[in-house]
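Contents: one structure, followed by commentary.
Nothing in this text is a laboratory measurement; each read-out follows from the coordinates by a stated rule. Because the structure is a prediction, the values reported are computed rather than measured. FYI the Cβ positions are ideal-geometry reconstructions off the backbone, even for glycines, and counts take in every protein chain you see.
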Amino acid sequence: MTSAPATPADQVTVRVPAKVNVQLAVGPPRPDGFHDLANVFLAVGLYDEITATRAEGAERLELTCSGPDASLVPLDDSNLAARAATRLAAHHNLRPDVRLHISKDIPVAGGMAGGSADAAGALLACDELWGTATPREELLAICAELGSDVPFPLVGGAALGEGRGERLTPLPVGGTFHWVFATADGGLATPAVYREFDRLTGGRAPEPAPSAHLLAALADGDVTALAATLANDLQPAALSLRPSLRDTLDAGTGAGALAALVSGSGPTCAFLAADADAAELIAKALAASGTCRTARVAASPAPGAEVLR
């Protein structure tokens, strides 16, 4: 392998968003162990930053992390950001001569695709750092190889994810939606939530399909209509494994949220608010309720991965 071609940049920082699943329809298990999905992603304004720095001559890729719950982030080859950089280097027959630093703000293991976002951010940062100018279609293909949720943070905005969630169709959004995200102590392992989903459904879930009413609510920017159509097929499984999340959901709706749901596989809970002021009030009530660790306010849609510097 060769070193990457020289570029003016010795360091690149990319900002990448979290996501909320405003609809997550899950089908029965496939022969390969995955599930077909109708997954309506909405990027939200909580971000991680991935900084890639040149490290010519390094024996191996170096990875560090800072921010809330940084101690929970693996710093070995299992980290998706490290795997993304290594995969991009192999794609271009290069050595992965890079130091990656993840500045965390997306909840760790919270059902908001923080690890997937870091992978997408690392891909874009390394592509810029190494001057490899990988076509977007190839970057998205590498994302899909890394994981079902990895392509979306690269794109951002809103999208329908089909197949395992990796086949994306951009969706129009006609307004700004305001959210509160309540984080829990400890995570929920996504495979365990899917296993519980299969147990609860007896492996006979219907084939997933996007909700026409939900897609119309997004396109119209209609917060009331969106609240009436939010859905997550994994929520019963997450509540079965973590019954205390029901108290969090109840606290948020009691504080005025128009709708509440477990985000993805959990355990973060998402609350849709009527406007920015209502979101602040809901967050304060949740923080005081004793039912969650933190309550964060964010708006959507948010842009996908962006080079900051």
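Annotations
- Estimated from the Cβ-Cβ distance and a Förster radius of 30 angstrom, the FRET efficiency linking SER240 and LYS284 is about 0.50.
- Ordering 13-20, 100-107, 70-77 by mean Cβ neighbour count within 10 Å, with the highest value first, yields 13-20, 100-107, 70-77.
- Nonlocal amide H pairs with ALA109, under 5 Å, H built at 1.01 Å: GLY114, GLY115
- Highest-MSF residue in the chain out of ALA192, ALA120, ALA227 [GNM, Cα springs under 10 Å]: ALA192
- Considering only ASP118, ASP250, ASP127, the mean-square fluctuation computed in a Gaussian network model of the chain, springs between alpha carbons under 10 angstrom, is largest for ASP250.
- A value for log10 I(q)/I(0) by the Debye sum over Cα atoms at q = 0.11, 0.15 Å⁻¹ was derived from the coordinates, and within the list (i) -0.57, -1.16; (ii) -0.65, -1.15; (iii) -0.66, -1.26 it appears as (ii).
- Region 143-160 and region 280-294 have Cα centres spaced 30 Å apart.
- FRET efficiency, 1/(1 + (r/R0)^6) with R0 45 Å, evaluated for GLU56 and HIS213 via beta carbons: 0.25
- For region 39-54 and region 216-263, distance of Cα centres in Å: 22 Å
- Remark: region 289-302, residue by residue, has Karplus-estimated 3J(HN,Hα) of 7, x, 9, 8, 7, 9, 10, 10, 9, 7, 10, 9, x, 10 Hz, where x stands for each Gly or Pro and the curve is 6.51 cos²θ - 1.76 cosθ + 1.60 at θ = phi - 60°.
- For THR13, neighbours were defined as the other residues whose beta-carbon sits under 15 Å from its Cβ, and their charges (Lys and Arg +1, Asp and Glu -1) total -3.
- Other residues with beta-carbon under 13 Å from the beta-carbon of THR253 carry, at +1 per Lys or Arg and -1 per Asp or Glu, a net charge of -1.
- Helix-only [θ]222 nm of the chain, DSSP H runs n ≥ 4, -39500 (n - 2.57) each, per residue, nearest 500: -10000 deg cm²/dmol
- Rounded if a/c under 1.5, otherwise prolate or oblate - region 177-300, Cα gyration tensor axes: oblate
- Sorted by Cβ neighbour density within 10 Å, fewest at the top, the residues ASP69, ASP97: ASP69, ASP97
- Region 170-229: relative contact order in percent, alpha carbon pairs under 8 Å with at least 6 residues between: 55 percent
- Close amide H contacts of GLY264 (hydrogens built in the peptide plane, cut-off under 5 Å, sequence separation of 5 or more or a different chain): ASN21.
- Area projected by the alpha carbon convex hull of region 11-170, averaged over all directions, nm²: 9.1 nm²
- For the chain, the relative contact order is 26 percent, taking Cα pairs closer than 8 Å that sit 6 or more residues apart in sequence and dividing their mean separation by the residue count.
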